[in-house]
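Trainee: Structure provided below as structure tokens; questions to follow.
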Amino acid sequence: MSPIIEITDGNKAFGSFKALQDINLSIAQGEIVTLLGPSGCGKTTLMRIFAGFESLTSGSLKIDGKDVSNLPPEKRPVNMVFQRYALFPHLDVFENVAYGLKVKGIGKDEVRERVRNMLRIVQMDHLQQRFITELSGGQCQRVALARALVNGPKVLLLDEPLAALDLKIRQHMLTEMKRIHAETGATFIYVTHDQDEAMILSDRVVLIDRGQIVQVDTPQDMYNRPNCLFSAKFLGETNILHGTIVEDASGKSAFRSAEGSFHYQPTNQIASKSAAIMSVRPEAISLFAENPARDNAIPATVTDVLFTGSRSFYHLVSDGGEALRAQVQNTPGLNRPNVGDRVHVCWPHDGSVVLPASPSH
Amino acid sequence: MILRITVYLILAFLLIPLALIVLFSFNASPSFTFPITGYSMRWYAQIFSDPQLGSALWKSFWIATLTAIITFLLGAAASLAWLRLGRKGRTVLEILCITPIALPGLFLGVSLLVLASQVGVQLSMITIVLSHVVLALPMLMIAMRARLALFDPNLEEASRDLGASQVLTFRRVTLPLIAPTLISCAVLSFALSFDEFVVTAFVSGTETTLPMYIWSMMRRTVTPLINAISTLAMVFTIAIISIALAIAAMKRATNLSSRDVA
């Protein structure tokens, strides 16, 4: 299937500032893709380029197979949900949602039909005549979604749509967003700096840093197989060890740091003797009171324990002086170490990812 | 306690002269002294039999109306520009538009007079209207700036995104949102122009506006007629300002498109 959005060698500069560099991305019909990155990384600029509010300095952008470089926003088959909703304060809920259809000159009856239907999907049909100032944040969010989706866009652009909501409503709206996506079948492109939102919602995550795409992957793959230090640190928490790649007696690659030698399952090709980093997720780490006599075990001291109910977070310092974090499931009856206890930190071969030490990001 | 008394004294100082004017406008005798011997409407009757006064009133009305219209149009254009300018541009626009408010009317009058004679424009109703616009625009810009700062620029983008052209966006989103403030400012410009004296005195040439007519009457004799005129002008101005405030208080602009809800 041909991609619904395809950007090739895209560059965007504001004066001498390179906001986006060498962007190549294609998004398939019906996908939910998140553009994830720290604030100022260029993700919103990329979205505004899709919407037509900014244009590429160089490169091409196709939407649904057609080059849209010269199309103004009102002629593009995309609609946008703005960060602070940008609902029209002088119109009520119905008129807000009807706006797009009315300016396109669609007949009264059809407008009413389609607006009602869309308000039903976002569960706002009971508040049609409310004014925007009388709505809560979550309700505004629903109206903003309906106002964009009622036009039947090929692509729905969402610019940090949940940023203005509080945590409880945000989690609820994420589920709602998934349901609405399933009901409408539109392609969603979702901008966020929140890794949790990105992982919960997306089919694929596009990780952006300083104007460049760092990695494009499913949330699972990006979490489990980051391709660089930035990816590893941006999604979830991780422990980073610095060292070099060596070959052990049997010819297997191993990672050697001040803490010792560790075995791992190679996912990236890194030449022997070159500097590397090892990323170990806190949940991959097990703690043992005695030396378990296994690979990848190092002695450490517990410095802090954060109990959160089902899990506990351990702050540790290895004998080599490295600060480590571990996350342990609180299984009933299990003996848990306390602050000051000596433990052995251990992780399996496939519990770590080894990356080149001098990454491009 | 002292503070409260002070406030009352200041209010009294501000309002007693106005109250006296209203009171004496109904005085039967032409003297401005207490006790008042009787009440009558004779001064009001005289106003309407004075053709010169009628003509001055009519002129002032037209000048104020034109001033309000021109201020409205310029204000709308300036507001649109303000929304599209960056921080630097906005500062420049504000300095240009708002500075005249800091100039004493005397200097403004002199400079406008010099300008008119340099350019070779005959002093007339036109020069009066233009001068009043120069006075009213800064006031409008100050009010608009506060309103526009609250204007979410994403609203215009949202409208474009939903398929409306730039012109349609202006008509259906921008204008309805800024119109209440613009209209109330235009009404205030009317009030400002209607009783403007200092600048008008410099640029009016042979024309006589209402405030100038009152002034010329005062120079001959202090007649009780002035009290009646002033009372009427005051009532009129208060009405105008109330209208302006009422419009500004309308938070929600009228719903643009009518819709029948089944």
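Derivation of every value follows stated rules applied to the coordinates shown; laboratory data play no part. Small disclaimer: the values here were computed from a predicted structure and weren't measured. Neighbour counts run over all protein chains shown; Cβ positions are idealised from the backbone, glycine included.
Trainee: With label points built 7 Å along Cα→Cβ from the Cα atoms of A:A163 and A:D319, find their separation and express it in nm.
Mentor: 4.8 nm
Trainee: Here's a follow-up. Toward the positive end of the charge dipole of chain A, about the Cα centre and with charges on Cβ (Lys, Arg +1; Asp, Glu -1), which of A:A163, A:L235, A:L306 goes farthest?
Mentor: Working it through, the farthest residue towards the positive pole turns out to be A:A163.
Trainee: What does the extension gain come out to for B:M125 and B:L83, with contour length at 0.36 nm per residue minus their alpha carbon separation?
Mentor: My answer for the length gained is 11.8 nm.
Trainee: Please state, rounded to one decimal and in Å, the Kirkwood hydrodynamic radius that the protein assembly as shown gives when every pair of distinct Cα atoms enters the mean of 1/r.
Mentor: It is 30.9 Å.
Trainee: Please work out the Kirkwood hydrodynamic radius for chain B, using every pair of different C-alpha atoms, and report it in angstroms with one decimal place.
Mentor: That comes to 21.3 Å for chain B.
Trainee: Go through region A:214-228 residue by residue and turn each phi into a ³J(HN,Hα) via Karplus (6.51, -1.76, 1.60, θ = phi - 60°); whole Hz please, and just put x for glycine and proline.
Mentor: Result, rounded to whole Hz: 8, 7, 10, 7, 5, x, 4, 5, 5, 6, 7, 10, x, 9, 6.
Trainee: Averaged over all directions, how much area does the convex hull of the C-alpha atoms of chain A cover when projected, in nm²?
Mentor: Averaged projected hull area, Cα only: 22.7 nm².
Trainee: With a Förster radius of 60 Å, plug the Cβ-Cβ distance of A:K154 and B:L106 into 1/(1 + (r/R0)^6) and report the FRET value to the nearest 0.05.
Mentor: Efficiency computed from Cβ-Cβ geometry: 0.40.
Trainee: Across region B:46-57, in residue order, what do the Karplus-derived ³J(HN,Hα) couplings come to in whole Hz, using 6.51 cos²θ - 1.76 cosθ + 1.60 with θ = phi - 60° and x for Gly and Pro?
Mentor: 5, 3, 7, 9, 9, x, 4, 4, x, 5, 5, 4
Trainee: Related question: Enumerate the helices in chain A for which the Kyte-Doolittle hydropathy averages -1.0 or more and the C-alpha atoms extend at least 24 Å along the helix's axis, using complete DSSP H runs.
Mentor: Long hydrophobic helices here: A:167-184.
Trainee: Please work out the FRET efficiency for the pair A:R179 and A:N24, using the Cβ-Cβ distance as r and a Förster radius of 45 Å; give the result to the nearest 0.05.
Mentor: 0.90
Trainee: Give me the Debye-computed log₁₀ of I(q)/I(0) at q = 0.11, 0.18, 0.20, 0.21 Å⁻¹ for region A:237-356, equal point scatterers on Cα only, no solvent, two decimals.
Mentor: Evaluating at q = 0.11, 0.18, 0.20, 0.21 Å⁻¹ gives log10 I(q)/I(0) of -0.37, -0.90, -1.07, -1.16.
Trainee: Follow-up. Taking 8 Å as the Cα distance limit and 6 or more residues as the minimum spacing, I'd like the relative contact order of region A:237-356 as a percentage.
Mentor: It comes to 32 percent, rounded to a whole number.
Trainee: A follow-up question, please. Give the relative contact order (percent, whole number) for chain A; include only Cα pairs under 8 Å separated by 6+ residues.
Mentor: It comes to 15 percent, rounded to a whole number.
Trainee: Strictly over 22 Å apart at the Cα level, which of A:K43/A:K233; A:K104/A:K178; A:K18/A:K43; A:K62/A:K108 would you flag in this model?
Mentor: Beyond 22 Å: A:K104/A:K178; A:K62/A:K108.
Trainee: Something else now. Amide H to amide H, which residues 5 or more places from A:I5 or on other chains are under 5 Å from it, using H placed in the peptide plane?
Mentor: Those qualifying (amide H under 5 Å, at least 5 residues apart or on another chain) are A:I27, A:D64.
Trainee: Below 8 Å, C-alpha to C-alpha, sequence gap of six or more: please give me the relative contact order for region B:58-207 in percent.
Mentor: 46 percent
Trainee: While we're looking at this one, here's another question. So what's the gap between the Cα centers of region B:79-100 and region A:34-89, to the nearest angstrom?
Mentor: 28 Å
Trainee: Could you tell me the distance between the Cα centroids of region B:166-181 and region B:1-72, to the nearest Å?
Mentor: 39 Å
Trainee: Here's something else I'd like to know. Report the charge-dipole magnitude of the protein assembly as shown in Debye, nearest 20, computed about the Cα centre from +1 at each Lys and Arg Cβ and -1 at each Asp and Glu Cβ.
Mentor: I would put it at about 1700 debye.
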